[in-house]
Amino acid sequence: KQEVTQIPAALSVPEGENLVLNCSFTDSAIYNLQWFRQDPGKGLTSLLLIQSSQREQTSGRLNASLDKSSGRSTLYIAASQPGDSATYLCAVLSGSARQLTFGSGTQLTVLP
Amino acid sequence: GAVVSQHPSRVICKSGTSVKIECRSLDFQATTMFWYRQFPKQSLMLMATSNEGSKATYEQGVEKDKFLINHASLTLSTLTVTSAHPEDSSFYICSAIGWAGGPGNEQFFGPGTRLTVL
């Protein structure tokens, strides 16, 4: 059974800092890995999707990497802003049923 | 990107009543839809997978008689919480995968439905 772990559970940084969120998964036979953002009481916003054959994806200040063999992904946020404050979820798509397994999230607070 | 809607966005009901939540893919045909539940400060847990025209597949521990799922068309899936109780209060989110292509397809998520059972 796929398990996804995110570290740290919470992170607080001053505005302008670069930061890294970590995600690890137990079964490396994945189809893709996705990073989401969730604001309090809201749904999910997809940030980046990395296919299993890819090593990284970039969108603006966000860069996500994938090392499938070691079961790890990182989300790098450059020059953080207070508007980046949210919970960031990592999810992997795996299994014959194409199920997404989510991590427990990292709650990010960027202080002005 | 593809758009998935949910209705209602928020519902409050009395204990013992049934509540229906709709999930629609607005600009694509969804062969498979997923229903997730999220308790406060926890991550999303998959409840069930539904394919158009067939019975839903429920995850272990999810009561299929309590959470009725119908995927009647390629653009609509419904989740009915029957005889709701306060412990069913949660945030319910659906997602959908479109037709074409293999296992790398992206799931598109609805905005979620906040259910509060009094």
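Each reported figure results from applying straightforward, stated rules to the coordinates on display, with no laboratory input. As the structure is a prediction and not an experimental result, all values here were calculated from the model. Reconstructed Cβ throughout: ideal geometry from the backbone, glycine too, with neighbour counts over all protein chains shown.
For the reader, a short list of remarks on this structure follows.
- Each peptide among B:33-39, B:19-25, A:1-7, B:59-65 gets the average number of other Cβ atoms lying within 10 Å of its residues, and from highest to lowest they stand as B:33-39, B:19-25, A:1-7, B:59-65.
- Pairs from A:LYS1/B:LYS20; B:LYS41/B:LYS64; B:LYS14/B:LYS64; A:LYS42/B:LYS20; A:LYS68/B:LYS66 whose Cα-Cα separation, in the structure shown, is over 29 Å: A:LYS1/B:LYS20; A:LYS68/B:LYS66
- Peptide ranges A:88-94, A:62-68 listed from the most packed, as the mean C-beta count within 10 angstrom indicates: A:88-94, A:62-68
- Taking every alpha-carbon pair under 8 Å whose residues sit at least 6 apart, chain A reaches a relative contact order of 37 percent.
- Bridge type composition, chain A - antiparallel percent by DSSP, nearest 5: 90 percent
- Beta bridges by DSSP in chain B, antiparallel share as percent, to the nearest 5: 90 percent
- Relative protection proxy for B:70-82, B:86-98, A:46-58, from highest mean packing down: B:86-98, B:70-82, A:46-58 (other beta-carbon atoms within 10 angstrom).
- For the protein assembly as shown, share of DSSP beta bridges that run antiparallel, in % to the nearest 5: 90 percent
- Dipole orientation for the protein assembly as shown: of the candidates B:PHE108, A:LEU48, B:LEU68, B:LEU68 has the Cα lying most toward the positive pole (charges on Cβ; Lys, Arg +1; Asp, Glu -1).
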